[in-house]
Amino acid sequence: MKFVKNYLIPRLITYFLVIFVGITMVFFIPRFLPTDPVQQFIARFTTQGVYMDPKSVENMISTLKQLYGLEGSLWEQYRDFLVRFSKLDFGPSYYQFPTPVKTLIAQSLPWTVGLLLSTTLLSWVIGSILGGFAGYYPDKKWVKIVDLIAMVIRPMPYYILALSLLILFGFIFPIFPVRGGFSIGGKIRFDLYSIVTILKHAFLPALSLLLIGTFVWFQGMKLIVQTVKSEDYVRYAKYAGVPEKKIVYQYVIRNAMLPQITGLALSLGQIFSGALITEMTFSYPGMGTLLYNAVFTGDYNLLMGITSISIIVITTSVFLIDLLYPLLDPRVKYK
Amino acid sequence: MKVFRELLKDNRFKIAFVIVLLLCVLSFLTAFSPYDPSQWNVVERSSPPRWLHILGTTSMGQDVFWVLTYAVRNSLLTSLIAGIVSRIIALLVGILAGFKGGLIDRILMFLTDSFLVIPLFVIIVLFAMIAKARMDIINLGILLGAFGWAWDARVVRSQVLSLREQDFTYTSILSGSNTRSIIFKDYIPFLIPLVFSTLIGNMSWAIGMEITLSILGVFNLEIPTLGTMLQWSISSQALFLGYWWWVLTPVVFSILIFVALYLMSVSISEYLDPRMRLQRVGKA
């Protein structure tokens, strides 16, 4: 019971408040900007040379306003928006007309989640372990080499790294497919061939996410371990004759893991953004490519939907990590 | 100047400094550019690098080298604006939260954490897409600045929290200084180094964002930046046509910028952290 009262409830409140802040931003940004999406939509038609008489323009404006939820006072619009949001109803997509935005997102979300989940976990584990050893033995030769590679790869934005991999593997050594998530026109079945094809298509996007992720966690872990290493209890364990392996795994890495978990929760939003950018580069059929199409076709409903769903997905994952934290840190005892 | 000489002893800073200097020289070369970057067909089309066009030309008949000079200048300018705007917000939020404490602190930190958790990229895209018609380097800089302050506000706040517990704060308060003079005279000097080291990281983030937004097509493609340069080359199928000089130039120069800024920020933050400095001096 104490767990619920002192740990779960405050976090649950924060969770809903963060979603609320995000959704409010999504609502107010288009409304406080000087450009009018409805006028832009009409202008696109007129520049394409379509003639419309004033009456049908008038009709179209009111229909669009209804679709975009721009009718009534700001407060009514906001209430309406929240109600529609709670039902995850974002209206039809314009990019693939009558398909609802919800269906499009439901189709692409599994791809993104799969890619994101596997690469984030893998890079976090590899980076933390490598970084742990590197921080403990900073004078080894391989540590210096990895350090050097990390220095070049780590600062690169996702797009540039993905593009470099695309050029390298798509044009110089064409081994892996550089577009899509499955062979074109193919049907996904549960057999070996399907799985191999999916993995092959996921290889390059996953590699670019893994590379950046691993080096970020590597450097974070290395810094933490370097400080933990000089703590008194580690020195004491060493003098008391505790085997070095035990010191590294149970005393140093275990303790240094905790800030890494907090770091994971805090940087999940950025990793997610990076995954979207990577998907765009490789036309991977996830949310990133959907976002790209939404922007290119000027599809506001889809864009709003993607933004809102992204906020929910990320805040939920952060919330889950937060709930797991006490399991990993024995010092947090729900008081 | 003494700080600078100390920093130059670090090889990483030396490399970074040389690259940044080179980029600045490139930016200043725009003043002598023989071509207007907004004009097409001023030189022969799609020519590989050779004398007079040392980085080749594009298939729109622009000289890659001279477009690059403008691109580097504009990208650096955007990121500098973003950096300055977000530094101002981070300082305001961090100082207010750290110094006032209590409810204000809790509200501000909740906002900061929300900004950290929410995937800002999609919100920036939403913003940029709607305001696309008005996007120029200054507006883009302000937009990125308005979203890129959260992490650094936390850093400033924790620094202010530790400063507030120092004896000199009490001395100032007891001798009757008001809040404004404590913050400006006593705290700002401690916060300045922090501002510089976080500025560099933020600039790097802003350039990466600018490139991504340009590729998405939500930035004005007529303004030459590293991102729009890349976008033009990719949308003109330069990769398939084998015009490597056109694609690789923005890619290589952006990698140079990122590596240089990163090395600089690492070197400066190590310099600011006395424990790390001791380790380094001990090794040398």
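Miscellaneous remarks
- Tally, over the stretch A:291-309, of residues that are within 14 Å of the chain's Cα centre (by Cα) and under 26 Å from A:Leu166 (Cα atoms): 2
- Checked against (1) facing chain A (nearest Cβ under 9 Å); (2) farther than 23 Å from A:Ile23 by Cα, B:Ser177 passes all but a single condition, namely (1).
- Any hit, the stretch A:122-133, residues being among the aliphatic types (A, V, I, L, M) and part of a loop (DSSP other than H, G, I, E, B): no
- Every residue from the stretch B:180-207 that is within 14 Å of chain A (Cβ to nearest Cβ) and farther than 17 Å from B:Ala90 by Cα: B:Ile207
- Residues of the stretch A:236-268 satisfying the condition of being touching a helix residue (DSSP H, G or I) at 6+ places or on another chain (Cβ under 9 Å) and farther than 19 Å from A:Leu130 by Cα: A:Ala237, A:Lys238, A:Val242, A:Ala265, A:Leu266, A:Ser267, A:Leu268
- Qualifying residues in the stretch A:152-166 (those that are at the interface with another protein chain (Cβ under 7 Å from one of its Cβ atoms) and in a helix (DSSP H, G or I)) - the one farthest from the chain's Cα centre (by Cα): A:Val152
- Cβ pairs under 6 Å, 6+ apart, first in the stretch B:242-253 and on the phi < 0 side of the Ramachandran plot, second aliphatic (A, V, I, L, M) and not in a helix (DSSP H, G or I): B:Trp245/B:Leu55; B:Thr249/B:Leu55
- Residue within the stretch B:98-105 that is within 14 Å of another protein chain (Cβ to nearest Cβ) and of a type outside the set (Val, Ile, Thr) present: no
- Residues satisfying the stated conditions in the stretch B:4-13, i.e. more than 14 Å from chain A (Cβ to nearest Cβ) and surrounded by 11 or more Cβ atoms within 10 Å (Cβ to Cβ): B:Glu6, B:Leu7, B:Leu8, B:Lys9
- Matching option when the condition is more than 19 Å from A:Thr278 (Cα to Cα) and under 20 Å from the mean Cα position of the chain (by Cα), among A:Gly241, A:Gly220: A:Gly220
- Residue check, A:Ser273 over 28 Å from A:Phe176 (Cα atoms) and within 11 Å of the chain's Cα centre (by Cα): no
- Of the residues making up the stretch A:307-322, those that are in contact (Cβ under 8 Å) with a residue 40 or more places away in the chain and more than 10 Å from chain B (Cβ to nearest Cβ) number 4.
- Residue within the stretch B:211-228 that is crowded, with 20+ Cβ neighbours inside 10 Å, at the interface with chain A (Cβ under 8 Å from one of its Cβ atoms), touching a Pro at 6+ places or on another chain (Cβ under 6 Å) and among the hydroxyl-bearing types (Ser, Thr, Tyr) present: no
- Screening the stretch A:13-28 for residues that are surrounded by fewer than 17 Cβ atoms within 10 Å (Cβ to Cβ) and within 21 Å of the chain's Cα centre (by Cα) and picking the one that is nearest to B:Phe147 (Cα to Cα) gives A:Thr24.
- The residues in the stretch A:88-113 that are within 20 Å of A:Phe296 (Cβ to Cβ), loosely packed, with under 15 Cβ neighbours inside 10 Å and modelled with pLDDT of 80 or more can be counted, and the count is 3.
The values are calculated or read from the model by the stated rules, or taken from the named source; none is laboratory data. Just so you know, these numbers come straight off a predicted model, no measurement behind them. Here Cβ is always computed from backbone atoms with ideal geometry, including for glycine, and neighbour counts include all displayed protein chains.
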